[in-house]
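Everything below concerns the one structure shown next.
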Amino acid sequence: MSAPATIPGLDAAPTQHPRLLAWVREVAELTTPDRVVWVDGSDEEWERLTGQLVEAGTMVRLNPEIKPNSFWTRTDPTDVARVEERTYICSVDEADAGPTNNWMAPSDMKQLMTDLYRGCMTGRTLYVIPFCMGPLTAENPMFGVEITDSAYVVCSMRIMTRMGAHVLEAMGDDAVFVPALHSVGAPLQPGQADVAWPCSETKYITHFPEERLIWSFGSGYGGNSLLGKKCFSLRIGSVMGRDEGWLAEHMLILKLTSPEGKVYHVTGAFPSACGKTNLAMLEPTIPGWKVETLGDDIAWMRFGEDGRLYAVNPEFGLFGVAPGTDHTTNPNAMKTIAKGNSLFTNVALTDDGDIWWEGMGEPPAHLTDWHGKDWTPDSEGVSSHPNSRFCTPIEQCPILSPEFDNPNGVPIDAILFGGRRKTTIPLVSESRDWAHGVFQGATLSSETTAAAVGAVGVVRRDPMAMLPFIGYNAGDYFRHWIEMGKGSDGDATKLPKIFYVNWFRRGDEGQFLWPGFGENSRVLKWVVERLEGKAEAVETPIGYVPTADSLDVSGLDISAADLEAALKVDVEEWKAEIPQIQEWFDKFGDKLPAVLGAELDTLKARLGVE
Ligand code: GDP
Ligand code: PGA
Ligand code: MN
Ligand code: MN
């Protein structure tokens, strides 16, 4: 009997890291790929892989004169968004997953998924992607290694993370790393033709928090397959943060400079498709103010030696919602993608090899839509999926802050929580203190969007915009937030101030009351003036709201009635909110921090609710 032939490439590992080598071998033996490729992140590799993806029909090269080195991809129509129903936190103890997560015992999930993974890479290539979330120069670089059988994932990871040979080298022989296993779950038998977007009907996005381990199966969509992003940086990251005293949050990070040259840093937690990328790249409409981008989706926040909270963006690219992005709404995103080197997924293709999506002004006379069908302005339905995305290097952003690569991050002055609500939530309110701000975050509500599979437009509680991303019991997560409010040195005055915003309130005709986008700089100005003790506010039952003339609306085309409606705290609307908040809090039983129960009592008393 001859020994089983080894898998080509398996032994060509450019590392001697024993744990990594053992894991790759174990996965290769289970999944039986045709070959193993150690990803180096080079230009040649990008050329080779994008070339193969074009050959396979997964990608179409865009017109190099318009979008150099950029590609258009259409997914399977069933594989377009995160799958929250199929996402699991497999903690040892079920109680640690809490009432907001799906749970299965780790051994049961591993058994189930091992059966799915067995032979699942037959006919495909197993890629090993060494990556680092956050700067490699960090004191403790946050290494991960993703194994995937998708070249589209490799190319996307090259944009979204620091990855490749230099990361593997930095890992040496003994660095700790998060192993993240991904398969599209579509083995190819000999002679079987591949499809342009392989995936499986069976999908699992699973996390083993105690082991800091990620297993994903069946989907190629970014949020399910680029495992450094939601899976590592948020779900596993939040567990690390709980254990080590820091925060992993679904937040944009921006740097704001006032006309006097004072610098502030602001983070903002809004649910998926509720305005983070746009705010992060904002072009202020008010004179003298400047915004620079640090991050558009994820912030890791730790206390610095000075007792202030510092934020780092662990990512290296932008994975933005395409529809609605235009020169008027988000000119900096348009400039970023114009430099090329980008991947576009489920948008429409123009006849001259450019991309188009709803919100980009007048549509061309003919497009190829995200289903690959002819589309004209008379066609029924949209040309681009509502969750279609651009994936582009953050370093191409013309307003990227020079602090982006600073491993220590930037000191945060204000945290914004925000959601998408047609009613009730005013344009902006300031919390009375940290505990009240945590209450605002813990009770944050938003209408569901196309970023996740399921109904769109349904109001749900989305605590700190982290509902799909908290890797442990949300009651413990609230407690962790309350604890952080004590400060690292007992000086809570150094903490950021917390504000609650809503760009999406509607008027009687269904119109947005607030123009949003660049005009949100007016809200940022009010926030800064509150920090400086300059702007006026009225105290309402839900916090401090701008007075009619403390918000700068000079030169803005908004009626006094609309402005009033945007800022209004309607006691009746808020009373209707109370049973929903009560029901939400009841889920957590004795895990709910008493401070938050007390905040609810305070709110009821202020609203005059029994
Ligand atoms: P993210 O997923 O949280 O990063 O959200 P995006 O910034 O990508 O925005 C999601 C959608 O909301 C896009 O279609 C945007 O055009 C739209 N949007 C973003 N900011 C605003 C705003 O201030 N007002 C309105 N009306 N829409 C916005
Ligand atoms: P988003 O990121 O927050 O920009 O929508 C993707 C996601 O949350 O799925
Ligand atoms: Mn997100
Ligand atoms: Mn975004």
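The values are calculated or read from the model by the stated rules, or taken from the named source; none is laboratory data. Quantities reported herein were computed from a predicted structural model and do not represent experimental measurements. Positions of Cβ are generated from backbone atoms using ideal geometry, with glycine treated the same way; all protein chains shown enter the neighbour counts. The protein model used for the area step is the full one, side chains on, heavy atoms only, and it has no ligands, DNA or RNA in it. Shrake-Rupley method; radii C 1.70, N 1.55, O 1.52, S 1.80 Å.
A few points about this structure:
- Filtering region 464-519 to residues that are within 16 Å of ligand 3 (Cβ to nearest atom) and touching a Leu at 6+ places or on another chain (Cβ under 6 Å) leaves only 469.
- Residues in region 257-269 that are open to solvent by less than 30 Å² (accessible area, probe 1.4 Å), away from ligand 3 (no atom under 13 Å from the Cβ) and of a type in the set (Gly, Ala, Ser): 258 only.
- Condition met for residue 479 (more than 16 Å from ligand 4 (Cβ to nearest atom), basic (Lys, Arg), open to solvent by 10 Å² or more (accessible area, probe 1.4 Å) and part of a strand (DSSP E or B)): no
- Residues that are over 11 Å from the mean Cα position of the chain (by Cα) and within 16 Å of ligand 2 (Cβ to nearest atom) within region 249-273 comprise 253, 254, 267, 268, listed in sequence order.
- Residue list for region 186-201, filter: of a type in the set (Asp, Glu) and either within 19 Å of residue 34 (Cβ to Cβ) or in contact with a Leu (Cβ under 8 Å, 6 or more places away or on another chain) (or both): 194
- Screening region 344-391 for residues that are of a type in the set (A, V, I, L, M) and free of Cβ contacts under 8 Å to residues at least 40 places away in the same chain and picking the one that is farthest from ligand 2 (Cβ to nearest atom) gives 365.
- One residue stands out among those in region 314-338 that are open to solvent by 10 Å² or more (accessible area, probe 1.4 Å), aliphatic (A, V, I, L, M) and touching a Ser or Thr at 6+ places or on another chain (Cβ under 8 Å): the one that is nearest to ligand 1 (Cβ to nearest atom), which is 321.
- Residues in region 466-518 that are closer than 16 Å to residue 418 by Cα and without any contact (Cβ under 8 Å) to a residue 24 or more places away in the chain: 1 in all.
- Applying the set (1) open to solvent by less than 10 Å² (accessible area, probe 1.4 Å); (2) not assigned by TED's automatic domain parsing to the domain that holds residue 128 to residue 272 leaves exactly one unmet item: (1).
- Residue in region 415-433 that is free of Cβ contacts under 8 Å to residues at least 60 places away in the same chain, among the acidic types (Asp, Glu), over 18 Å from residue 578 (Cα atoms) and surrounded by fewer than 20 Cβ atoms within 10 Å (Cβ to Cβ) present: yes
- In summary, residue 131 fulfils each of the numbered conditions (1) part of a loop (DSSP other than H, G, I, E, B); (2) open to solvent by less than 10 Å² (accessible area, probe 1.4 Å) with the single exception of condition (1).
- Residue check for residue 550: open to solvent by less than 30 Å² (accessible area, probe 1.4 Å), modelled with pLDDT of 95 or more and outside any helix (DSSP H, G or I): yes
- Checking each residue in region 364-393 for being surrounded by fewer than 21 Cβ atoms within 10 Å (Cβ to Cβ) and of a type in the set (Val, Ile, Thr) picks out 368, 376, 382.
For every residue, the table says whether it meets (1) modelled with pLDDT of 95 or more; (2) within 16 Å of ligand 2 (Cβ to nearest atom); (3) among the polar types (S, T, N, Q).
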residue: 168; (1), (2), (3): yes, no, no
residue: 174; (1), (2), (3): yes, no, no
residue: 183; (1), (2), (3): yes, no, yes
residue: 192; (1), (2), (3): yes, no, yes
residue: 203; (1), (2), (3): yes, yes, no
residue: 210; (1), (2), (3): yes, no, no
residue: 213; (1), (2), (3): yes, no, no
residue: 230; (1), (2), (3): yes, yes, no
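Here is a yes/no grid of residues against (1) closer than 21 Å to residue 297 by Cα; (2) buried (at least 24 other Cβ atoms within 10 Å of the Cβ):
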site	(1), (2)
213	no, no
231	yes, yes
235	yes, yes
246	yes, no
252	yes, yes
255	yes, no
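- Once region 443-462 is narrowed to residues that are within 14 Å of ligand 3 (Cβ to nearest atom), out of contact with any helix residue (DSSP H, G or I) (no Cβ under 6 Å at 6 or more places or on another chain) and among the hydrophobic types (A, V, I, L, M, F, W, C), the residue that is least open to solvent (accessible area, probe 1.4 Å) is 451.
- Exactly one residue out of 539, 599, 529, 564 is buried (at least 17 other Cβ atoms within 10 Å of the Cβ), farther than 30 Å from residue 99 by Cα, at pLDDT 95 or above and among the charged types (D, E, K, R), and it is 529.
- Residue in region 274-294 that is on the phi > 0 side of the Ramachandran plot and within 16 Å of ligand 3 (Cβ to nearest atom) present: yes
- With respect to (1) within 30 Å of residue 477 (Cβ to Cβ); (2) open to solvent by 20 Å² or more (accessible area, probe 1.4 Å), the lone exception for residue 91 is condition (2).
- Members of region 246-280 that are hydrophobic (A, V, I, L, M, F, W, C) and near ligand 4 (Cβ under 10 Å from one of its atoms): 252, 270, 273, 274, 279, 280
- Taking each residue of region 392-404 that is of a type outside the set (S, T, N, Q) and looking for partners that are surrounded by fewer than 18 Cβ atoms within 10 Å (Cβ to Cβ) with beta-carbon atoms closer than 7 Å, six or more apart or interchain, yields 398/335.
- Some residue of region 280-298 being in contact with a Leu (Cβ under 6 Å, 6 or more places away or on another chain), open to solvent by less than 10 Å² (accessible area, probe 1.4 Å), within 12 Å of ligand 1 (Cβ to nearest atom) and of a type in the set (A, V, I, L, M): yes
- Matching residues in region 47-64 - criterion: being open to solvent by 10 Å² or more (accessible area, probe 1.4 Å) and part of a helix (DSSP H, G or I): 47, 48, 51, 52, 53, 54, 55
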